[in-house]
Amino acid sequence: MQTEKIFDTLTKKFGNDVTPILEAAPSEPFILVKADKIYDVCLFLRDNSELDFDYMMCLTGVHQKPDLGVVYHLYSIKHKHKIVLKTFVSIDAPNVPTVERIWRSADWHEREAWDMYGINFEGHHNLIRILCPYDWEGFPLRKDYVTPEEYHGMRVPY
Amino acid sequence: METNIFIQLLGNNWIAYTAIAVLPLGFLLLYALVAILAELKVSAWMQDRLGPMRTGPWGILQPLAEVVKLLQKEDITPDLANKVLYNLAPYMMFTGAYAAVAVIPFSQQFVPSNINLGLFYIFAVSAIATIGVVMGGWASNNKYSLLGAMRSVAQIISYEIPAAMAILATAVLASSLNLNEINTVQDGGIFNWFIFGGPGPWFKVFVLPFTFGLCLIYMIASLAETNRTPFDIPEGESELVAGYHTEYGGMKFAMFFLGEYVNMFIVSAIMATIFFGGWQSPFGSSIMSGPVWGLFWFLAKVGTVVFFQIWLRWTLPRLRVDQLMDLGWKYLLPMSFICFFAIALWKMLI
Amino acid sequence: MAEKKTFEMEYSKVDTERMRLNVGPQHPSTHGVLRLEVELDGEIVTEVVPHMGYLHRCFEKHCEAMTYPQCIPYIDRLDYISSMNNEWPYVMGVEKLMGIEVPERVEYIRVIMAELNRIANHQIAVATFGLDAGAFTPFLYYFRDREEILAILEKASGGRLLYNYFWVGGLAADVHPTFKQECLDVIKHIRATNAEVTNLLIYNKIFIDRTANVGILPADVAINFGCSGPVLRGSGFPLDLRRAEPYSIYDRFDFNVVVGKGEVGTLGDCWDRNIVRMGEMEESCKIIEQAIAQMPDTGDVQEKLPKKIRIPKSEILSRAESPKGDLGFYIVGNGTDKPERLRCRATSFINLSVLPEISKGYMIADLILILGSIDIVLGEVDR
């Protein structure tokens, strides 16, 4: 299915909650989803037989000042089409519903996004750090992150 | 006939007994060095590489260098280990293996102790090595060691039975439990060895498949008893790191290592004695026979079996613990019973 | 009677204690510094919790401070077994964002290098898988052959593992004049060793007993977990990016997508994942042969580039089929010569996430084999 048709289907179903943004090549067009609707949109994308997005390629946290964002790259193995979803939340209350119940691969991706950006995926069963040590403070990939000078009293030589 | 050359030469006194006790010890240490070198070199040649080449010509001093290295290591006892058991275990294992040497007929003229219950004795004392494994695994206070020790016990208990059946069948054939006696019976060339049914008329070919099968069963069971691949699950490197001796280092590890190689020697010696005629010459008692030739034939046979064990180790993958139990209880045990029954029947009819 | 009943009640309460065992971070067969917290009921695994991050090097953070070409050596160090394949999606993404077309000769050399590296990776994967099962000898056979592949790659790039060879707009250097002949020679050796290992290890009864019907991963579960590469194809699902979305010049070659068939056990078991790798080595050999036949002998290996590589405000998820699966780089440009955001869709990381799901109920020895059949590299998992 063409990207435009997927966007049409989604706007018909969700109305103002989704905003398609067509960018010039080589950037991929994406669709902006309101953060609290992301679970419903994703569930619809997976379960609609014409869309059938059964494969989550990537879930990325981003920090586009001033907001934090989550980018979902979805792929349909059956129909061989893909779509990019984006959602942005304020850095003070970065709450996004989890999609780990839709695609299990989102489990570790979301843990990583929490680890690096501090995006709180509501409803995730085990939202703990994954790459950084469990007692790490701060979210390293945020643009305003300051590298700590000490870790457990040890000076970090940098 | 007195079967011990030292008692013949030195008389029945303590000097002779000391010599009898010390000589196998020296022999075993030497054998262990050779076996380690063989393991290194055979594995290297099988894997298309050279193996150790730097220590001595063709690396023949490598085992010695490794022993020296192990001697220099710090003797560590983990803080939370059960200290007495932990320190006792390696020596227990070696003692068990070494005690079994006492009844092995090296040659017509050198059986350290020519007792009438030789086969039972070997089975009794070689089980002591298992106690060493369990002690080491338990006392290390390490989960990997514990798993390794548990596996080892299960394995040795399971495989002791088919091995015992195989050995008892030859005892039936020889009508004796004395190892030297069993050897003497197999006189008269290669076809009188027990692997070929022992001495007998031409229709012993009917019993030949059973003796041959028993030899294979004992071979498999002996691999399992010595924890060699494909049955090395008690120390299965990829899952249990080093199994029951994970926590051991230095000289204590060397004792485990030595115990393992001595165990290899023991099972190979039993196999050579009861199935391959021990010190008997393969050409009958007139050609290349005698005490010195006897020692040569015995060592050659043992060496062949040891080589076979090394060969298998570098060829086969490892079994899983439940598959090992399957093999032991579901296949080897019934087969060994059938073979034993057939041989006993044959012995009664003849 | 009443007394007896209480006794029975007491007796039924007797339960075996579960043991929690740490497999790793230092362990012979976790393929790096992975820590698996395993709950054991006797020998049976009841729960697996992977803990990672022991090799975390802040790759993504680091790249935000690097220019685009400077990122390439760091990308090499993700999956250090197959660095050529790692570089490819990244440089391809940057080239797409800049609108560069690379010369044809470059595409051919890239294909050959990537396929050679794929073979080297699969050799390690199969070899260490055999090692996990206790077979040491095939391991060394494969390492002997891998040495010849690395020699070719070293001759071209100067590095044995970390090449920094695919550059934006081309290659770091042209290949050696004897390159084609060397590739053909090494393919012969690879095929001979593969035939030998197939006899020695793959169809060995013990090996089949150990790996068949172990760690069964159904295709739908694999897709839901986002698995890719031999892990997904081992479940019988033919998703190969080289075929599904042909990038570069992969549409010019004739090759099969190898899938597991459940030949000796259930579809999607460890043996299937392993045989897919064996088959892919042969397919890679075919691709290399075709590429060598078609490759132009002379030509430029570097497209003209602006002095500073700048990417306008745009973004792309650039994917390629690495030996471990679908490797992607999400590159966000912001108009400067440094990326705004560089996210690696690490294949090993995603494939590893399926481990707790498929290893429950098997024995601890099986757990090691399942981990080996997934073929992870901790450099890529931890980034």
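The values are calculated or read from the model by the stated rules, or taken from the named source; none is laboratory data. Values in this document were obtained by computation on a predicted structure and should not be read as measured data. Ideal geometry is used to build each Cβ from the backbone, glycine not excepted, and the neighbour counts take in all protein chains shown. For the accessible areas, the whole protein counts, side chains as well, though only heavy atoms, and no ligand, DNA or RNA atoms are used. Shrake-Rupley method; radii C 1.70, N 1.55, O 1.52, S 1.80 Å.
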For this session: Determine if the range B:299-316 includes at least one residue that is open to solvent by less than 20 Å² (accessible area, probe 1.4 Å) and within 14 Å of chain C (Cβ to nearest Cβ).
Result: yes
Exercise. List, please: which pairs have Cβ atoms under 7 Å, are six or more places apart or on different chains, and start with a residue in the range B:284-312 that is of a type in the set (S, T, Y) and end with one that is outside any helix (DSSP H, G or I)?
Worked result: B:S285/B:D187; B:S285/B:G188; B:S289/B:S281
Exercise. Out of (1) touching a helix residue (DSSP H, G or I) at 6+ places or on another chain (Cβ under 7 Å); (2) crowded, with 22+ Cβ neighbours inside 10 Å, the odd one out for B:G294 is which?
Worked result: (1)
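Yes or no, residue by residue, for (1) within 25 Å of B:L295 (Cβ to Cβ); (2) within 14 Å of chain C (Cβ to nearest Cβ); (3) in contact with a Pro (Cβ under 8 Å, 6 or more places away or on another chain):
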{"site": "B:L64", "(1), (2), (3)": "yes, no, no"}
{"site": "B:K69", "(1), (2), (3)": "no, no, no"}
{"site": "B:L88", "(1), (2), (3)": "no, no, no"}
{"site": "B:M92", "(1), (2), (3)": "no, no, no"}
{"site": "B:A102", "(1), (2), (3)": "yes, no, yes"}
{"site": "B:L119", "(1), (2), (3)": "yes, no, no"}
{"site": "B:V134", "(1), (2), (3)": "no, no, no"}
{"site": "B:I161", "(1), (2), (3)": "no, no, no"}
For this session: Within the range B:219-251, track down each residue that is open to solvent by 10 Å² or more (accessible area, probe 1.4 Å), within 21 Å of B:V84 (Cβ to Cβ) and not small (G, A, S).
Result: B:H245, B:T246, B:E247, B:Y248, B:M251
Exercise. Can you name the strands (runs of 3 or more DSSP E) wholly within the range C:304-383 that have at least 3 residues being open to solvent by less than 10 Å² (accessible area, probe 1.4 Å) and hydroxyl-bearing (S, T, Y)?
Worked result: none
For this session: Filter the range C:169-192 for residues that are assigned to a loop (DSSP other than H, G, I, E, B) and either open to solvent by 60 Å² or more (accessible area, probe 1.4 Å) or touching a Pro at 6+ places or on another chain (Cβ under 7 Å) (or both) and give the result.
Result: C:D174, C:H176, C:P177, C:T178
Exercise. Does the range B:264-273 contain any residue that is among the aliphatic types (A, V, I, L, M), in contact with an Asp or Glu (Cβ under 6 Å, 6 or more places away or on another chain) and open to solvent by less than 10 Å² (accessible area, probe 1.4 Å)?
Worked result: no
Seminar exercise, completed: Looking across the range A:129-152 at residues that are open to solvent by 70 Å² or more (accessible area, probe 1.4 Å), assigned to a loop (DSSP other than H, G, I, E, B) and more than 10 Å from chain C (Cβ to nearest Cβ), the single one that is farthest from C:G53 (Cα to Cα) is A:D144
Exercise. So, of the residues in the range B:20-40 that are crowded, with 19+ Cβ neighbours inside 10 Å and farther than 14 Å from B:F265 by Cβ, which turns out to be farthest from the chain's Cα centre (by Cα)?
Worked result: B:I20
Exercise. Out of all the residues in the range C:24-36, which are at pLDDT 85 or above and within 12 Å of chain B (Cβ to nearest Cβ)?
Worked result: C:L36
Seminar exercise, completed: Scanning the range C:203-226 for residues that are in contact with a helix residue (DSSP H, G or I) (Cβ under 8 Å, 6 or more places away or on another chain), within 14 Å of chain A (Cβ to nearest Cβ) and part of a loop (DSSP other than H, G, I, E, B) gives C:L217, C:F225, C:G226
Seminar exercise, completed: So the strands (runs of 3 or more DSSP E) completely within the range A:32-128 holding 3 or more residues that are within 11 Å of another protein chain (Cβ to nearest Cβ) and either open to solvent by less than 10 Å² (accessible area, probe 1.4 Å) or under 22 Å from C:L327 (Cα atoms) (or both) are A:55-64, A:67-76, A:81-89
Seminar exercise, completed: Of the residues in the range C:227-257 that are acidic (D, E) and within 13 Å of chain A (Cβ to nearest Cβ), the one that is nearest to the chain's Cα centre (by Cα) is C:D240
For this session: State whether one or more residues within the range C:219-235 are within 17 Å of A:K78 (Cα to Cα), modelled with pLDDT under 90 and surrounded by fewer than 19 Cβ atoms within 10 Å (Cβ to Cβ).
Result: yes
For this session: Considering each residue of the range C:43-94, count those that are open to solvent by 30 Å² or more (accessible area, probe 1.4 Å) and at positive phi, and give that number.
Result: 1
For this session: Would you mind finding the one in C:T46, C:T67 that is within 29 Å of the chain's Cα centre (by Cα), at pLDDT 85 or above, more than 25 Å from A:A113 (Cα to Cα) and β-branched (V, I, T)?
Result: C:T46
Exercise. Is one or more of the residues making up the range B:224-246 out of contact with any helix residue (DSSP H, G or I) (no Cβ under 7 Å at 6 or more places or on another chain) and farther than 20 Å from C:F136 by Cβ?
Worked result: no
